[in-house]
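Trainee: My questions all concern the structure below.
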Amino acid sequence: MNGLVNIISLEPGTRISLADGATAEVVSNPRDGIWVFVRYLAAPHDPAQGGREEMVFAQDVAAVLETP
């Protein structure tokens, strides 16, 4: 967990890394400070998860990799 990522500011298209080692792209952001909707780009723990869209909890966002 990285307390430095302000998920409220994440825009669609932003690529992020998650605490479990996965990388994802923000699809939408309700700006509630708790959840962000992402599409998994790579998930080493579960390769079948690639391309899947899910809600991710703020504490699971480890870092911003690339902004649009």
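Trainee: Would you indicate which of [x] 12.7; [y] 14.7; [z] 11.5 is the value of Kirkwood radius over Cα pairs in Å derived from the coordinates of this structure?
Mentor: Answer label, from the structure shown: [z].
Trainee: How far, in nm, would the chain grow between Asp32 and Leu4 when pulled straight, counting 0.36 nm per residue and subtracting the alpha carbon separation? Could you put the intermediate results ahead of the total?
Mentor: Values: separation 28, 0.36 × 28 = 10.08 nm, distance 1.64 nm.
Extra length available between Asp32 and Leu4 comes to 8.4 nm.
Trainee: At what distance in nm do the modelled label points of Asp20 and Asp46 sit from each other, each positioned 7 Å from its Cα along Cα→Cβ?
Mentor: So the two model labels end up 0.5 nm from each other.
Trainee: Can I ask one more? Quick one: compute the contact order of the chain, relative version, from alpha carbon pairs under 8 angstrom and 6+ residues apart, as a percent.
Mentor: Details: 159 pairs, mean separation 26.3, N = 68.
Reported as a whole number, the value is 39 percent.
Trainee: Once amide H atoms are placed 1.01 Å from N in the peptide plane, what residues at a sequence separation of 5 or more from Gly50, or on another chain, have their amide H within under 5 Å of its amide H?
Mentor: Ala43
No value in this document is a laboratory result; all are computed from the given coordinates. No experiment lies behind these values; they were computed from the predicted model shown. No Cβ is skipped: glycine too gets one built from the backbone with ideal geometry, and neighbour counts run over all protein chains shown.
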